Amino acid sequence: MADTEKSDTKTSRREVFGLGSAAFAAATLAIIGREDVDAQTPRLVSHNAPNETDPGPQNLPLAAENPDSEWSPSTDSGTVKPFKYSFALARKRVESGGWTRQVTARELPVSTTIAGVEMRLTAGGVRELHWHVEAEWAIMLNGNARITAVDREGKSFVSDVGQGDLWLFPPGIPHSIQGLGPDGCRFLLVFDDGDFDEFHTFLITDWLSHTPKEVLSKNFNVPQPTFDKVPKKELFIFQTGLPGDLKAEQTQAAQGTGPVTKSFDFKASTMKPTKVTRGGEVKIIDSKIFPVTPISAAIVTLKPGGLRELHWHPNSDEWQYYITGKGRMTVFAAGSTARTMDFEEGDVGYVPISNPHYIENTGDTDLVFLEMFKSSEYQDISLAEWMAHTPHLLMNQHLGVGMTMLDSIPKQEIVITPV
């Protein structure tokens with residue numbers, strides 16, 4: 001294989017660059033005037049042609065992680081806003097009970113509809129009792145946690161979640177998260193506003209420390225000294241002991257009002273895939289099966305070489321989070337503009353509404369990623385399904401691919417193409 005590639009490279013150099021830079025200049029002049037010079041310019045696999053060399057300063061490790069940005073496919077064209085940002089570049093806020101970091105519209109300007117937060121809690125570590133204006137969707141990436149909430153009718157929710165499970169706290173609903181044994185947890189939070197800020201939420205200690213004690217005393221009908229130990233600043237993420245028995249805490253919290261009627265968690269870890277092919281599988285979770293959620297999601301697993309087929313989403317922008325593996329995505333932004341970028345664990349991707357794209361597994365292990373949408377209903381449109389259900393004569397007049405190819409397209413959406 002290596003010898004063949006080497007031979008092909010030599011042939012390419014002899015045919016295209018055999019006379020050195022003078023021949024290259026002539027070849028370049030020959031294509032001037034074409035609409036897309038870049039797509040027509042001959043390229044070498046080794047990228048060491050005279051027009052590709054780079055003698056200047058280089059960030060080689062970063063270039064190696066992003067080959068499709070360093071040397072984009074010839075089908076890329078024009079200027080497309082960057083649609084990738086890595087959590088590895090986000091600042092970690094470290095507290096006694098764990099840490100957190102975020103990727104929002106401040107880090108990735110194109111991400112206007114959704115923001116994401118990574119969080120790690122130790123065993124006993126607590127994300128302080130709080131609430132926010134935005135809805136909070138979450139997936140447990142590692143470990144176990146206890147989550148609590150109280151709804152608008154005073155009904156309680158207390159539950160334990162493990163790896164692969166989800167939860168959703170509606171806007172304005174107060175809640176908490178606590179890491180369980182033996183090693184706490186790590187999870188991803190998704191918020192339905194790109195401008196969300198994890199460091200500016202409504203915290204119970206912050207609120208009470210900024211309320212006069214005489215008001216607190218009157219509100220709860222207790223002596224003022226009752227509140228002497230309220231922290232003078234927010235706890236945010238703090239270390240404490242493990243929670244009590246789950247059943248006992250559920251019973252105590254439900255006294256007088258009972259538990260919530262619609263659960264705030266969803267056991268996606270035990271859910272059967274929505275679609276399975278030889279190329280991978282997908283779990284689609286929206287309000288049809290998780291009634292409280294205003295945010296829909298797809299959990300996608302691509303086997304090596306697998307492809308999340310060419311498609312687009314007509315009802316919402318798409319926010320992505322890459323859990324494991326390596327992949328690449330090309331986003332077509334219309335007007336002859338397209339860009340390809342590479343993704344791996346901890347990266348965020350973003351695709352504006354109705355922009356067609358695909359995701360391909362370019363690694364040698366499974367690629368697992370999330371597709372997130374600020375919509376209670378998951379929707380997509382498949383290129384193949386569109387072509388299959390449009391009169392084939394008309395489609396062939398557009399593309400010239402032949403009636404045999406068009407007749408062979410599956411009549412149902414594939415989602416993930418077989419390997």
For this session: State whether the residues of the stretch 143-154 include one that is open to solvent by less than 30 Å² (accessible area, probe 1.4 Å), touching a residue at least 40 places away in the same chain (Cβ under 8 Å) and over 24 Å from Thr257 (Cβ atoms).
Result: yes
Exercise. Would you call Pro171 touching an Asp or Glu at 6+ places or on another chain (Cβ under 7 Å), surrounded by fewer than 20 Cβ atoms within 10 Å (Cβ to Cβ) and not in a strand (DSSP E or B)?
Worked result: yes
For this session: Check whether at least one residue in the stretch 254-263 is under 30 Å from Pro304 (Cα atoms) and assigned to a strand (DSSP E or B), and report yes or no.
Result: no
For this session: Could you figure out which of (1) of a type in the set (Val, Ile, Thr); (2) within 26 Å of Asn144 (Cα to Cα); (3) open to solvent by less than 70 Å² (accessible area, probe 1.4 Å) isn't true of Thr251?
Result: (3)
Exercise. Of all residues in the stretch 362-419, which are in contact with a strand residue (DSSP E or B) (Cβ under 7 Å, 6 or more places away or on another chain) and small (Gly, Ala, Ser)?
Worked result: Gly363, Ser375, Ser376, Ser382, Ala384
For this session: Looking only at the stretch 294-302, decide whether some residue is at pLDDT 95 or above and surrounded by fewer than 16 Cβ atoms within 10 Å (Cβ to Cβ).
Result: no
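The values are calculated or read from the model by the stated rules, or taken from the named source; none is laboratory data. All of these numbers come straight from a predicted model, not from anything done at the bench. So basically every Cβ, Gly included, is an ideal-geometry build from the backbone, and we count neighbours across all protein chains shown. Calculation scope for accessible area: heavy atoms of the full protein, side chains included, ligands and nucleic acids excluded. Shrake-Rupley method; radii C 1.70, N 1.55, O 1.52, S 1.80 Å.
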